[in-house]
Amino acid sequence: MALAFDEFGRPFIILREQEQKTRLRGLDAQKANISAGKAVARILRSSLGPKGMDKMLQSPDGDVTITNDGATILEQMDVDNQIGKLMVELSRSQDYEIGDGTTGVVVMAGALLEQAEKLLERGIHPIRIAEGYEMATRIAVEHLERVAYKFEFGLNDVEPLVQTCMTTLSSKIVNRCKRSMAEIAVKAVLAVADLGRKDINLNLIKVEGKMPKQIEDAKIAILTCPVEPPKPKTKHKVDIDTVEKFQTLRKQEQKYFDDMVQKCKDVGATLVICQWGFDDEANHLLMHRNLPAVRWAGGVELELIAIATGGRIVPRFQELTPEKLGR
């Protein structure tokens with residue numbers, strides 16, 4: 001490989017033996033594309049259904065995501081092949097239109113491609129195969145309409161909707177409390193649904209953390225230290241190869257949170273305002289200890305709050321005292 005420049009000074013690369021490389025054509029190109037689609041479907045296949053396994057994904061920044069949602073997995077994956085990108089778009093459109101079945105549509109598409117490959121090898125033209133799939137789709141839809149079970153529901157009879165909602169939560173992490181979660185979801189949807197037009201604007205539904213909206217005679221701790229375990233300044237790596245080590249690490253992190261939250265409670269604070277974000281574990285503990293908190297407050301806002309309430313900005317938890325609280 002060599003680097004050269006054109007008459008305008010723009011660089012371009014000369015590849016050795018470029019003339020010997022050929023473009024895939026005909027059946028070989030079709031098989032290559034089908035192989036890419038099958039590879040994407042094969043990755044998601046093991047996470048399908050209520051007994052499906054979760055996938056652990058690591059981003060280039062080192063962030064780890066654990067999920068079995070097809071749309072999330074494909075969103076995190078770096079897919080180069082064009083057919084693979086089409087599969088990602090398929091999953092994304094399913095998520096946008098329905099909100100469920102993102103894994104199923106990709107696995108189904110991979111199975112159809114796999115069967116199409118066998119037909120191509122027998123010499124059948126791709127257009128004829130596509131026409132056959134169109135005919136099969138019409139037959140499948142007609143059959144579904146015949147076997148479909150319709151039920152009536154209303155504002156006073158929501159049990160059928162709750163049962164339907166529970167089936168979609170079976171493979172999610174909240175499956176232990178799927179009954180209560182399904183009831184919350186159904187109530188939220190019915191609150192904004194137009195049953196006469198059979199229409200709903202899901203943007204009217206918001207999820208918010210449960211915190212008090214009003215506090216009287218508040219004692220405010222103004223913090224510029226993050227509510228999370230301390231992180232080493234240098235590059236670090238933690239190897240966890242047993243359940244016991246993971247449990248030890250988790251208990252250690254929880255102890256950090258406990259100490260931080262308890263310190264705020266001990267000095268008499270009834271509200272925490274922090275310049276940084278909270279870890280999910282810290283959020284849970286703050287709510288559990290009845291200590292409402294505001295995160296991601298700007299530096300200028302913190303100064304104004306300190307002036308208005310007579311408090312002091314605290315850079316470390318160890319320096320937090322009752323005298324430094326704002327009122």
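The values are calculated or read from the model by the stated rules, or taken from the named source; none is laboratory data. This is a predicted model, so every value here is computed, not measured. So basically every Cβ, Gly included, is an ideal-geometry build from the backbone, and we count neighbours across all protein chains shown. What goes into the accessible areas is simple: the full protein's heavy atoms, side chains included, and nothing from ligands, DNA or RNA. Shrake-Rupley method; radii C 1.70, N 1.55, O 1.52, S 1.80 Å.
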In region 267-299, the residues that are surrounded by fewer than 14 Cβ atoms within 10 Å (Cβ to Cβ) and modelled with pLDDT of 85 or more: Gly268
Quick one: would you say Ser47 is outside any helix (DSSP H, G or I) and at pLDDT 80 or above? yes
With the requirement that a residue be out of contact with any Gly (no Cβ under 6 Å at 6 or more places or on another chain) and either in contact (Cβ under 8 Å) with a residue 60 or more places away in the chain or not hydrophobic (A, V, I, L, M, F, W, C) (or both), what does region 79-93 give you? Asp80, Asn81, Gln82, Gly84, Lys85, Glu89, Arg92, Ser93
Report yes if Arg250 is open to solvent by 30 Å² or more (accessible area, probe 1.4 Å), farther than 18 Å from Pro315 by Cβ, basic (Lys, Arg) and touching a helix residue (DSSP H, G or I) at 6+ places or on another chain (Cβ under 7 Å), otherwise no. no
Mind listing just one residue for me: the one in region 153-167 that is open to solvent by less than 50 Å² (accessible area, probe 1.4 Å) and part of a helix (DSSP H, G or I) and, of those, farthest from Ile98 (Cα to Cα)? Pro160
Condition (residue is within 30 Å of Ala140 (Cα to Cα) and either in the same structural domain as Tyr133 (by the TED database) or modelled with pLDDT under 80 (or both)) applied to region 10-28: is it met by at least one residue? yes
Of the residues in region 202-218, those that are modelled with pLDDT of 80 or more and open to solvent by less than 70 Å² (accessible area, probe 1.4 Å) come to Ile205, Ile215, Ala218
Kindly establish whether Ile184 is without any contact (Cβ under 8 Å) to a residue 24 or more places away in the chain and touching a strand residue (DSSP E or B) at 6+ places or on another chain (Cβ under 6 Å). no
Only one of Asn33, Asn81 that is closer than 28 Å to Ala130 by Cβ and modelled with pLDDT under 80: Asn81
For region 134-150, indicate whether the set of residues that are surrounded by 13 or more Cβ atoms within 10 Å (Cβ to Cβ) and either hydroxyl-bearing (Ser, Thr, Tyr) or free of Cβ contacts under 8 Å to residues at least 12 places away in the same chain (or both) is non-empty. no
Number of positions in region 300-311 that are within 38 Å of the chain's Cα centre (by Cα) and either in contact (Cβ under 8 Å) with a residue 24 or more places away in the chain or open to solvent by less than 60 Å² (accessible area, probe 1.4 Å) (or both): 3
Tell me, please, whether a residue that is within 22 Å of Thr168 (Cβ to Cβ) and more than 15 Å from the chain's Cα centre (by Cα) can be found in region 128-135. no
